[in-house]
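Working notes, structure below.
No value in this document is a laboratory result; all are computed from the given coordinates. Just so we're clear, the structure is a prediction, and the values are computed from it rather than from any experiment. Cβ sites come from the backbone with ideal geometry, for glycine too, and all protein chains shown count toward neighbours.
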Amino acid sequence: MNKFRNAELKFLIIPMIIITIFMSLILCFETSKQYKRFSNITNNVIANIIGKINERYPNIDTREIVQILNSDEISSEFEYGKQELLKYGININEINSIISVQNQMEINIITNIIIFTIFGILWLIGIFIYLNRRDKKLKEITKYMYEISNKNYQLDIDDNSEDELSNLKNELYKITIMLKEESENSKKDKENLKISVQDISHQLKTPLTSISIMLDNIKENPNMDEKIKQKFIFEISKQIEWINWLVISMLKLSKLDANVVEFNSDKININQLMSDIIKNLEIPIEIRNQNIIINGTRENFFIGDYKWQQEAITNIIKNCIEHNKDNGNIFINHEENNLYTKISIRDEGEGISKEDLRHIFERFYKGKNSSENSVGIGLALAKSIIEKDNGMITCKSEIGNGTEFVIKYMKN
């Protein structure tokens, strides 16, 4: 029954059914008319014969003649009558004995041939139109496939009809969109990879050059003062640690970009998460004598991957510590509603200019107030982690009034 949903078959079958019914009605009507003509001609001839017989032979019983006309049996006078007709050139085995009936039969045969011919022509026209439309669609599909093979994805082949070829065109359209998106994503990935490689190369160039110079100094001066040598070794160790952190961060970003990270769906208690993060940041907090003030209900939670979210929020709080004033406060407020769980992290630092604020989450972007050791990757990594785990992050800041990060984790 699915074939009858095909619009092309509907286009062929439905009109042909209508034509067949219409032509059958015409044929029945014409046959009925032909039968009436035969009857009229035959009855008129019989009436003439009976009239002539009664006129010349008034003693003959008309009922007897009518019985002979309506009888299927061949009487003894049949052969005599047959021979009499032959005298006038009428052979009843070959032609009709009534010429008008014979003529009418020929007309009827011609009429029926014309009717069947018209019927056949209409069928052929319907089939021709169907095949022509089908061939046209096949050529279109072939052309579309050729264009797609040449990486031309600027095609609109959406078709709202329901036939099989139209469904095939719609599927091709979907494939075209998918290939187009993959092509665009591939270009973006290549461009991002190019930018990342350039950024990493640029970021690694300075510390590697510094390490190389210090190692050359140590090698070329075997009698170097021990304090200076220890200072060089400490700086080399510091630069190596920094490079190691940079490479690990870039690997994490690459995994996030490639969508190969599988996030767990942990029920994360916010107070517990903040407690673990602050423990890891105790040293920089103590060095700058800063206070972390947390406000929020103990039961507040969100669904996410605990380790990844811990890293993301750690990077945000580290940024606040670095840009906050000594002896300053960092306020962490959290709340939840039916739509999302919100965490806001605010410092009392120097703030961020409007120009820098637009680029704060870009990779390797360093604002005017960035520290010398800043790479500009921590906030970019935090943003990627949060967004990949069903969250969003925004930042607002004013010069002299501190900076506030707002994170929202949407509920399913």
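Taking label positions 7 Å along the Cα-Cβ direction at both Glu362 and Lys194, the computed distance is 1.7 nm, reported to one decimal.
Amide H to amide H distances under 5 Å link Glu336 with Lys342, where only residues 5 or more positions off or on other chains count and H is placed in the peptide plane.
Here is the link list: Lys187/Lys408; Lys267/Lys342; Lys252/Lys383; Lys307/Lys388. Which ones come out longer than 19 Å on Cα distance? Pairs exceeding 19 Å: Lys187/Lys408. Residues in region 403-412 carry Karplus couplings, in order, of 10, 10, 9, 10, 10, 10, 9, 6, 8, 6 Hz; the curve used is 6.51 cos²θ - 1.76 cosθ + 1.60 with θ = phi - 60°, and Gly or Pro positions show x. Placing a pseudo-label 7 Å from each Cα along the Cα-to-Cβ vector at Glu235 and Lys143 gives an inter-label distance of 7.0 nm. Near the amide H of Ile294, within less than 5 Å, lie the amide hydrogens of Ile332, all on another chain or at least 5 residues away, with H placed in the peptide plane. Coupling constants for region 48-55 follow from the phi torsions by the Karplus curve (6.51 cos²θ - 1.76 cosθ + 1.60, θ = phi - 60°), and in residue order they are 5, 5, 5, x, 5, 4, 5, 5 Hz; glycine and proline get x. Judged by the mean number of other Cβ atoms found within 10 Å, the most tightly packed of the peptides 379-385, 245-251, 390-396 leads the ranking 379-385, 390-396, 245-251. Summarising the label geometry, the points placed 7 Å from Cα in the beta-carbon direction at Asn300 and Asn329 lie 1.6 nm from one another. Sequentially through region 314-327, phi angles give Karplus couplings (6.51, -1.76, 1.60; θ = phi - 60°) of 4, 4, 5, 5, 4, 5, 5, 4, 5, 9, 7, 7, 4, 6 Hz, Gly and Pro residues having no value and appearing as x.
State the extension gain, in nm to one decimal, for the chain segment bounded by Lys33 and Val261, taking 0.36 nm per residue of separation less the distance between their alpha-carbons. Let's see the in-between values first.
Values: separation 228, 0.36 × 228 = 82.08 nm, distance 8.46 nm.
Between Lys33 and Val261, full extension yields an extra 73.6 nm.
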